[in-house]
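Take a look at the structure below.
The values are calculated or read from the model by the stated rules, or taken from the named source; none is laboratory data. Small disclaimer: the values here were computed from a predicted structure and weren't measured. Heads up, the Cβs are rebuilt from the backbone with ideal geometry, glycines too, and the neighbour counts pull from every protein chain shown.
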Amino acid sequence: MKKSENPVVNYLDQVTANVITGNYIRDIQLFSQSLREQVLPNFSTLEVEAKQLGEALYINSQNQYEAEAAHEKSKAWFFSM
């Protein structure tokens, strides 16, 4: 008897498919939705925030080295986020 002809195997395959579809797929969809709607929007303004940080540090710089350091600090902050 082939696997596809065995009604018990077919039933267990269907139960497994239902469990995967009912539990795991739903959980993955909810996680994806939460990530898309709640987490990723927080990262949409990172470039603007890094620029503002660099400008604030640049304004307070006393010389060329501090000005360059301000730029590097803003880049480092951006990439660390």
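Among residues of the stretch 28-59 being of a type in the set (S, T, N, Q) and surrounded by 10 or more Cβ atoms within 10 Å (Cβ to Cβ), the one that is farthest from residue 81 (Cα to Cα) is 29. Applying the criterion of being surrounded by 10 or more Cβ atoms within 10 Å (Cβ to Cβ) and among the acidic types (Asp, Glu) to the residues of the stretch 1-27, the residue that is modelled with the lowest pLDDT is 13. Contact annotation: residue pairs with Cβ atoms under 9 Å, 6 or more positions apart or on different chains, pairing a residue in the stretch 58-80 that is under 25 Å from residue 44 (Cβ atoms) with a partner that is in a loop (DSSP other than H, G, I, E, B) and hydroxyl-bearing (Ser, Thr, Tyr), are 70/61. Screening residue 42 on (1) at pLDDT 85 or above; (2) under 16 Å from residue 75 (Cβ atoms) shows it passes everything except condition (2).
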